[in-house]
Every structure is written in C-alpha cells, then in structure tokens.
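Worksheet for the structure shown next.
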Amino acid sequence: MANGLSEFAIDGVLNHLFSDAISLTKPTTLKLHLYTADPHAAGAEVSVTVDDTAYAAQAITFEDEGTTTDDRCYNDLACTFAAVVYGSGGVPYNVTHWAVFADTTNLLAAGAMPTTVTRLVGEPLVFAIAAIYVELTRTA
C-alpha cells in the first residue's frame, strides 16, 4: 500500500533541512487509522458510533529506511484491528484508506488501500509486516 506524505510532514522535513523556521520533532507515538474516504481530502475516519464500536487506531512502527534500496520505510510489525462490532449503522462498512498520525493529532502520511476492504461483523483486520510503507521519491 503506497503513501502520500501530509502537508504537515512535508513542511516539517523541508523546514528541518533547509530553514530556521519550525523544527520537526520526532513523534513519540505513531498510530495507524482507518478511513472510509481519503484523509488528505478531509475524508472520514471509521466512526466508533456508526460503523464499528470496537474500532480503535493501532500503534505502528517502521523499519529504518537504510535497510531498503527503494526509498521506503515499511511497517516492521503486524498491525491488528479488533473484530468488528457494528455500531448504530448496523451494516458492513468499507475502508478505502489508511493514515499514520503522530501523537494522535498530526497526519504524517496516508494512502489508498489497493482494494476496498469491506469490514464485516466479527472479523478482525490484520496488516502484515511490510504491508504499509511511506515513500519519498527523487525528482532529479
């Protein structure tokens, strides 16, 4: 699953490397969130009221980029979301995007799922090691 860095992350990296403006501080906690629409376009996170009362963002960690040659950081542990318990909507819901937040408030990166995932009651969702990555690409 590919990525897209957020404006917050891009600004922070550029300022950290090239400016005396805001310094980017390494987050102490990273959390993986599930979305029903693109979080870069103000898409909705899974609702714990309507969609899934068992939903909670999950901790995620990444390997060092230096261990790969493709300019990507991959998740280095599996991330498991609990089995679905339908909320007030009472029906399956679709997850189309994922997002990684720093300290639960700042969006760092997000991406589309390769295919929409329909969450059904009683089924957990597991992201295997290296299923999610954040990528930077060179332009020159």
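For the range 101-115, indicate whether the set of residues that are of a type in the set (Asp, Glu) and surrounded by 13 or more Cβ atoms within 10 Å (Cβ to Cβ) is non-empty. No, the range 101-115 has no match at all.
Answer yes or no as to whether residue 73 is in contact with a strand residue (DSSP E or B) (Cβ under 8 Å, 6 or more places away or on another chain), of a type in the set (A, V, I, L, M, F, W, C), buried (at least 18 other Cβ atoms within 10 Å of the Cβ) and closer than 21 Å to residue 14 by Cα.
Working: in contact with a strand residue (DSSP E or B) (Cβ under 8 Å, 6 or more places away or on another chain): yes; of a type in the set (A, V, I, L, M, F, W, C): yes; buried (at least 18 other Cβ atoms within 10 Å of the Cβ): yes; closer than 21 Å to residue 14 by Cα: yes.
So residue 73 fits the description; yes.
Here residue 104 meets each of (1) in a strand (DSSP E or B); (2) under 21 Å from residue 12 (Cα atoms) with one exception, condition (1).
Inspect all residues belonging to the range 59-79 and state whether any of them is touching a Gly at 6+ places or on another chain (Cβ under 9 Å) and in contact (Cβ under 8 Å) with a residue 24 or more places away in the chain.
Quick first cut of the range 59-79, residues touching a Gly at 6+ places or on another chain (Cβ under 9 Å) only: none.
The answer is no; no qualifying residue exists.
Note on the range 84-98: among residues that are in contact with a Gly (Cβ under 8 Å, 6 or more places away or on another chain) and not β-branched (Val, Ile, Thr), the one that is nearest to residue 14 (Cα to Cα) is 98. Conditions first: (1) under 18 Å from residue 108 (Cα atoms); (2) of a type outside the set (Asp, Glu); (3) assigned to a loop (DSSP other than H, G, I, E, B). Residue 55 passes all but one, so which condition is the exception? Evaluating residue 55 over (1) under 18 Å from residue 108 (Cα atoms); (2) of a type outside the set (Asp, Glu); (3) assigned to a loop (DSSP other than H, G, I, E, B) leaves (1) as the failure.
Please go through the range 117-140 and give me each residue that is more than 15 Å from the chain's Cα centre (by Cα) and either among the hydrophobic types (A, V, I, L, M, F, W, C) or under 20 Å from residue 51 (Cβ atoms) (or both), ordered by number. I'd like the intermediate steps shown before the answer.
First, pick out the residues of the range 117-140 that are more than 15 Å from the chain's Cα centre (by Cα): 118-124, 136-140.
Selection gives 118, 119, 120, 121, 122, 123, 124, 136, 140.
Quick check on the range 120-140: of everything there that is modelled with pLDDT of 90 or more and among the small types (Gly, Ala, Ser), which residue is farthest from residue 62 (Cα to Cα)? Before you say what the answer is, go through the steps one by one.
At the first step, the residues of the range 120-140 found to be modelled with pLDDT of 90 or more are 120-132.
When the remaining residues are screened for being among the small types (Gly, Ala, Ser), the result is 122, 128, 130-131.
Numbers: 122: 28, 128: 12, 130: 9, 131: 11 Å.
Selected residue: 122.
Using the structure shown, decide if residue 46 is within 19 Å of the chain's Cα centre (by Cα) and at pLDDT below 95. No. Could you tell me how many of the residues in the range 107-133 are in contact with a Lys or Arg (Cβ under 7 Å, 6 or more places away or on another chain) and either more than 24 Å from residue 14 (Cβ to Cβ) or of a type outside the set (Phe, Trp, Tyr) (or both)? Summing the residues that are in contact with a Lys or Arg (Cβ under 7 Å, 6 or more places away or on another chain) and either more than 24 Å from residue 14 (Cβ to Cβ) or of a type outside the set (Phe, Trp, Tyr) (or both) in the range 107-133 gives 1. Return a yes/no flag: does the range 50-57 have any residue that is out of contact with any Asp or Glu (no Cβ under 7 Å at 6 or more places or on another chain), at pLDDT 70 or above and farther than 21 Å from residue 122 by Cα. Checking the range 50-57: not a single residue is out of contact with any Asp or Glu (no Cβ under 7 Å at 6 or more places or on another chain), at pLDDT 70 or above and farther than 21 Å from residue 122 by Cα.
Would you check which residues across the range 92-140 are at positive phi and not hydroxyl-bearing (Ser, Thr, Tyr) and list them?
Taking the range 92-140 first, the residues at positive phi are 103-104, 122, 130.
Passing the criteria: 103, 122, 130.
Of the listed requirements (1) farther than 24 Å from residue 14 by Cα; (2) more than 13 Å from the chain's Cα centre (by Cα); (3) surrounded by fewer than 20 Cβ atoms within 10 Å (Cβ to Cβ), residue 58 misses just one: (2).
The values are calculated or read from the model by the stated rules, or taken from the named source; none is laboratory data. Since the model is a prediction, treat every value here as computed from it, not as a measurement. Every residue, glycine as well, gets a Cβ built from its backbone with ideal geometry; the counts of neighbours run over all protein chains shown.
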